[in-house]
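The next block holds one structure in the form of structure tokens; read it before the comments.
The values are calculated or read from the model by the stated rules, or taken from the named source; none is laboratory data. The model shown is predicted, which means the values in this text are computed figures rather than measured ones. Ideal geometry is used to build each Cβ from the backbone, glycine not excepted, and the neighbour counts take in all protein chains shown. Quick note on the areas: whole protein, heavy atoms, side chains included, nothing else; ligands and nucleic acids left out. Shrake-Rupley method; radii C 1.70, N 1.55, O 1.52, S 1.80 Å.
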Amino acid sequence: MEKLFRDSGHLIRPALVLLAGLGLFMVIRGAVVPKGFGQYGHYRPGALAMVRQHPLSYAGHEACAMCHEEESKTRAEGKHAHVSCETCHGPLAKHVDDPVANVPKLPTVATLCVRCHEKDQAKPKGFPQVVSAEHSNGMACNDCHKPHSPKL
Amino acid sequence: MEMNRRDLLTIGGKLLLIASVGATFEQITGAEPAPDVYKMADHWWGMIIDIEKCIGCGSCVRACSNENQVPDGYFRTWVERYEVPEGGGNPKVTSPDGAINGFPLPKPVDVKSFFVPKLCNHCADSPCTQVCPVGATFVSPDGVVLVDKDYCLGCRYCVQACPYGCRYLHPETETVDKCNLCYHRITKGLTTACCENCPTGARQLVDFKNPKDPVHEFLKNNKVNVLKAYMATESKVYYNHLDGSVR
Amino acid sequence: MMIPGVDGFMYPNEVELQWSVLIVLYPFVTGLVAGAFILASLERVFKVEAVRPTYRLALLTALSFLLVAPLPLQLHLGHPERSFEMYTTPHSSSAMAMFGFVYLWYLTIVLLLEIWLDYRADIVRLAQTSKGFLRVIYRALTLGSMNVSPASRIVDDKVGYAVTVIGIPSAFMLHGYVGFIFGSIKANPWWSTPLMPIVFLFSAMVSGIAAVLLLYMASMKLRKTPIDMRCVDTIAKYLFYTFVIDFTLEMLDLIHRTYESDESFRSLDFMVHTRLWYSHVILQIGLGTLIPLVLLAANQLWRFTEARRRAMYVTACSLTMVGIFAMRWNVVIGGQLFSKSFLGYTTYKMELVTREGLLTAIALMVLPFVIFFVLVKILPPWQESEAHKA
């Protein structure tokens, strides 16, 4: 036994270095792994809350109806009933938070309407689409069509 | 009711005890003061898309970009325009800037054409979360594939593993980013920014666990498909009228 | 609207490549580690006595490249400061998560331990005879034990043998898992094949053996010592055999793809004929495989003069290194050049001086040789340890 130790005792040294490294790793790991990791799956549960805290930019059309009753009613009875307010008017959560300080800019008709209604063979056949260059003789879309109830 | 000083002190003492125990308990568990009404276990989110309703206006792409501050040149959602020639051969596909400004005036060609909106499919058996080495991307208990940007290393293995090309490396945070189904909105009872702003209702957020959700009728009554079904990723974005030529 | 560098259609997020030349470098470097180690084990375990002059050299080569291996990965990460997360919360379903553990295992239990055990007699002797700063280094390397009795050296030899035996599958793991990282991605048909880990391994062995052969010949030249031709001829023979297997595997993959001609084939075939023509057909297959194979095969069939053989080996090995690097390039970069829609292609815009640019890649390729030079000075591979008998 003594002979064994004498001849192979030096092997203990790298073994000790390894064990020390392992121990250090376990200590660091204990300190560094985020709290609750693995609770729902292999991830930080805090990430769920973090993602949920992202601020809103779009308020949703129901929020608009709370103040703009007339426009909402007109829209609901017309062909644009399924077009949400913010689709044309842009993100308005800030306006809902503070209507006076954040007044939204009216959209530019020239580019807005053609994005949906320019004729394209890839669009569904029943969808109202025109070749804008030939359609209005240079007039703006809202010269004839009321955006909230566009059917003439 | 007559109260003497002793009664007052007793009641006060009990109240104080309850309050202090409650406060201590709150300290130990770190519980939020207001109860969370959203229960993850009650939801299993997905989306349904009707190709025959999509007009390629790009409102969804713009809305997503605004809602989520998506960096220029990268896309959490985008729309593709297909022209499918008869008799085999590759379709001609375009997606100018992800269709964020719709599609420029196309040359009329007499072939089958349609639009295909795309986004993260929030796969139930997602190949991207499988390969993340540290657990920075995951499927939430309510079925949304999310990225933990405080934990992501930016190795981009998940970007390589996604068959749909929906992930990218955010140039500022240097972490991976992608559609998160507007998790911050749907957990508050709102719909996603893209669905909110789709003028034709081509895109609709659905909750499979809600018995009254239109998805059940949709799946029962229509010929539906998912992208790259052979990959068996259990995609939760179902398409109606998806042509076989769609890649 | 044309996107510069893009032909056809790519998903909007696919246009920019995610994995750069540094990710090409990583499998190349770990491949050299695995290959060099296999050459060392050829002598230690398989008793091919002829290659003994390169035993220690091979170990030092492996160590030099292993120390550099994590660097391309760290430089590539968006957040290298978070890379410890792979150790603290490794995701067991991810092949990449294995990296940290396999690397540390291989570095400590296999390579460092084997080098320590083999060199111990020399380290103790140098600890006692050297002066100044070097003395401190050697004393540290002894780990406090000055016991170099013949009995202890026999123990070292036995343990070293066991370590080498464990080291062979460990080396396979170290590099094989890289092949699996690519081979297990079903989203990418250029990568997804069960052959990938095996092809990676055999090309690693080829590059590692070629690297040690070159380093041995260069070292002997620099030290003005005669080259042991028997050693070099034997290495060349094993290089030839390994290369034949590697070439067979790669051709099998190619033939299989062409024959099955599935959905992805047309797109991939076009890519090989256009964007990958130079790197795949000319560099990898032509210059990097066929010419070395011919040179090595010739030496198995005919006897050339010593000078001619040396010239042929140097040519063959240099071309091999280039060819295997090209193979890594074609896998990593090639796999990102085509769209997953099979409708388009993009271009790799390799930058020059950025974190993931060409200059960084060159620096990372030079660094192992600098480390090798330092290691050779501290742990001279030229004296054989006396307990290490054939």
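Out of B:Asp110, B:Asp148, B:Asp177, report the one residue that is within 13 Å of chain C (Cβ to nearest Cβ), open to solvent by 10 Å² or more (accessible area, probe 1.4 Å) and either within 24 Å of A:Arg52 (Cα to Cα) or not polar (S, T, N, Q) (or both). So that I can check it myself, show each step before the final result.
Working: B:Asp110 fails: within 13 Å of chain C (Cβ to nearest Cβ); B:Asp148 fails: open to solvent by 10 Å² or more (accessible area, probe 1.4 Å).
Being within 13 Å of chain C (Cβ to nearest Cβ), open to solvent by 10 Å² or more (accessible area, probe 1.4 Å) and either within 24 Å of A:Arg52 (Cα to Cα) or not polar (S, T, N, Q) (or both) holds for just one of B:Asp110, B:Asp148, B:Asp177, which is B:Asp177.
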Residues being in a helix (DSSP H, G or I) and over 12 Å from C:Leu112 (Cα atoms): count how many of those fall in the stretch C:62-77. 9
(1) touching a residue at least 24 places away in the same chain (Cβ under 8 Å); (2) over 16 Å from B:Trp45 (Cβ atoms): which one isn't true of B:Val134, the others all being true? (1)
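This table checks each residue for (1) within 22 Å of B:Cys64 (Cβ to Cβ); (2) open to solvent by 40 Å² or more (accessible area, probe 1.4 Å); (3) among the aromatic types (Phe, Trp, Tyr); (4) under 23 Å from the mean Cα position of the chain (by Cα).
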site	(1), (2), (3), (4)
A:Ser84	yes, no, no, yes
A:Thr108	yes, yes, no, no
A:Gln121	no, yes, no, no
A:Gln129	no, no, no, no
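For B:Thr187, are the conditions met, namely being polar (S, T, N, Q), facing chain C (nearest Cβ under 10 Å), surrounded by fewer than 24 Cβ atoms within 10 Å (Cβ to Cβ) and under 30 Å from C:Pro90 (Cβ atoms)? Please lay out each step first, then the result.
Details: polar (S, T, N, Q): yes; facing chain C (nearest Cβ under 10 Å): no; surrounded by fewer than 24 Cβ atoms within 10 Å (Cβ to Cβ): yes; under 30 Å from C:Pro90 (Cβ atoms): yes.
Spelling it out, it is not the case that B:Thr187 is polar (S, T, N, Q), facing chain C (nearest Cβ under 10 Å), surrounded by fewer than 24 Cβ atoms within 10 Å (Cβ to Cβ) and under 30 Å from C:Pro90 (Cβ atoms).
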Going through the stretch C:29-49 in order, the residues found to be in a helix (DSSP H, G or I), over 17 Å from C:Tyr119 (Cβ atoms) and open to solvent by 10 Å² or more (accessible area, probe 1.4 Å) are C:Ile38, C:Leu42, C:Glu49
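Test of understanding: among C:Tyr161, C:Tyr106, which residue is among the aromatic types (Phe, Trp, Tyr) and open to solvent by less than 50 Å² (accessible area, probe 1.4 Å)? Break it down stepwise before answering.
Values: C:Tyr161 fails: open to solvent by less than 50 Å² (accessible area, probe 1.4 Å).
After ruling out the rest, the residue left standing is C:Tyr106.
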Residues that are facing another protein chain (nearest Cβ under 8 Å) and either under 28 Å from B:Gln160 (Cα atoms) or of a type in the set (Ser, Thr, Tyr) (or both), drawn from the stretch C:93-129: C:Ser93, C:Ser94, C:Ala95, C:Met96, C:Ala97, C:Phe99, C:Thr108
For the stretch C:164-196, give me the residue count where each residue is at the interface with another protein chain (Cβ under 9 Å from one of its Cβ atoms), touching a residue at least 12 places away in the same chain (Cβ under 8 Å) and either open to solvent by 10 Å² or more (accessible area, probe 1.4 Å) or of a type in the set (D, E, K, R) (or both). 2
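Are any residues in the stretch B:153-165 in a loop (DSSP other than H, G, I, E, B) and at the interface with another protein chain (Cβ under 7 Å from one of its Cβ atoms), and if so, which ones? Write out each step before concluding.
Of the residues in the stretch B:153-165, the ones in a loop (DSSP other than H, G, I, E, B) are B:153-156, B:162-165.
Once the filter is applied, which keeps residues that are in a loop (DSSP other than H, G, I, E, B) and at the interface with another protein chain (Cβ under 7 Å from one of its Cβ atoms), the stretch B:153-165 yields B:Leu153, B:Gly154, B:Cys155, B:Arg156, B:Cys162, B:Pro163, B:Gly165.
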(1) within 14 Å of another protein chain (Cβ to nearest Cβ); (2) touching a helix residue (DSSP H, G or I) at 6+ places or on another chain (Cβ under 6 Å); (3) modelled with pLDDT of 90 or more all hold for C:Asn147 apart from (3)
Here is a list: C:Arg120, C:Arg139. Which entry is open to solvent by less than 70 Å² (accessible area, probe 1.4 Å) and closer than 30 Å to C:Ser149 by Cα? C:Arg120
What are the residues in the stretch A:51-77 that are open to solvent by less than 50 Å² (accessible area, probe 1.4 Å) and either among the β-branched types (Val, Ile, Thr) or under 30 Å from B:Tyr151 (Cβ atoms) (or both), if any? A:Val51, A:Ser57, A:Tyr58
